[in-house]
Amino acid sequence: MTQNVGGIDRILRIVAGLAILSLLVLLDGNARWWGLIGLVPLGTALLRWCPAYTLIGVNTCPTKQAD
């Protein structure tokens, strides 16, 4: 897995992931479990790799990749 998530993109994913995870606390009933979707942006930020970016050929990582 080569890195394809850059710095600003990574920060935005962390903020969005934490915001979505907060639904676990803010919502009541079964709707609260939708907050677990926040694990996806947090995971991609932690790994610095996004499978969707790989499929569409996007790379926001500034490091030079060896071909």
Restricting attention to the stretch 1-16, and to residues there that are open to solvent by less than 70 Å² (accessible area, probe 1.4 Å) and either touching a strand residue (DSSP E or B) at 6+ places or on another chain (Cβ under 8 Å) or among the β-branched types (Val, Ile, Thr) (or both), which single residue is farthest from Ile37 (Cα to Cα)? Val5
In the stretch 45-67, residues that are assigned to a helix (DSSP H, G or I) and hydroxyl-bearing (Ser, Thr, Tyr) total 2
Residue in the stretch 17-44 that is surrounded by the most Cβ atoms within 10 Å (Cβ to Cβ), counting only those that are part of a loop (DSSP other than H, G, I, E, B) and free of Cβ contacts under 8 Å to residues at least 12 places away in the same chain: Leu27
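The values are calculated or read from the model by the stated rules, or taken from the named source; none is laboratory data. All values reported here derive from a predicted model rather than from experimental measurement. When we count neighbours, we look across all protein chains shown, and the Cβ atoms used for this are built from the backbone with ideal geometry, even at glycine. Calculation scope for accessible area: heavy atoms of the full protein, side chains included, ligands and nucleic acids excluded. Shrake-Rupley method; radii C 1.70, N 1.55, O 1.52, S 1.80 Å.
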